[in-house]
Amino acid sequence: MRRAYLTIALGLAAIVAWGFWQTYFGPLLSGWPNRPWFIHMHAAVFSGWLVLLVAQASLASSGRLPLHRRVGQIGMGYGTLVLCVGLFVSVAAPALRVRAGQLPIDRAALVVLYNLTDMLLFGAFFTAQWSVEPSPTCTNG
């Protein structure tokens, strides 16, 4: 069980890299893709969130729980940034596509609704974790 969270975190990072390779990460390696500034900011912040997830899972699985908890304090602030950027991009990206004529406004409204629902769920789970106290007798095994 000790390595399960690390395996899951690495799997999530691989899925994100694979899923965005063709449209973002691949073009990024071959030159700066023509994207609005907020898309690059979104990619950087959310990639950092995945790096933090893998780091936290690595620390916990290796038994370095005090450091895991200290890094978790940083993660609480970083998660707030993730939520703010996610809310902004949830509205700005579909609006930009409507303005460019790439997306009809009725479909863009559905995209915004989906995105905001996603961010609402993230925000709810993220806020709920603030109230969870680690068990002093917790063992990682």
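For segment 84-110, the set of residues classified as surrounded by 17 or more Cβ atoms within 10 Å (Cβ to Cβ), without any contact (Cβ under 8 Å) to a residue 40 or more places away in the chain and either touching a Ser or Thr at 6+ places or on another chain (Cβ under 9 Å) or small (Gly, Ala, Ser) (or both) consists of 90, 108, listed by residue number.
Quick one: would you say residue 68 is under 20 Å from residue 17 (Cα atoms), surrounded by 16 or more Cβ atoms within 10 Å (Cβ to Cβ) and out of contact with any Cys (no Cβ under 6 Å at 6 or more places or on another chain)? Taking the combined requirement at face value, the residue does not satisfy it. Listed by position, the helices (runs of 4 or more DSSP H) contained in segment 1-64 that have at least 1 residues being of a type outside the set (D, E, K, R) and closer than 20 Å to residue 75 by Cβ are 4-20, 37-61. Pairs linking a residue in segment 25-43 that is over 21 Å from residue 88 (Cβ atoms) to a residue that is modelled with pLDDT under 90, with Cβ atoms under 9 Å and 6 or more positions apart or on different chains, are 26/33; 27/33; 27/34; 27/35. When segment 17-57 is limited to residues that are among the β-branched types (Val, Ile, Thr) and modelled with pLDDT of 95 or more, the one that is nearest to residue 118 (Cα to Cα) turns out to be 45.
The values are calculated or read from the model by the stated rules, or taken from the named source; none is laboratory data. These numbers were taken from a predicted model, which means no experiment stands behind them. So basically every Cβ, Gly included, is an ideal-geometry build from the backbone, and we count neighbours across all protein chains shown.
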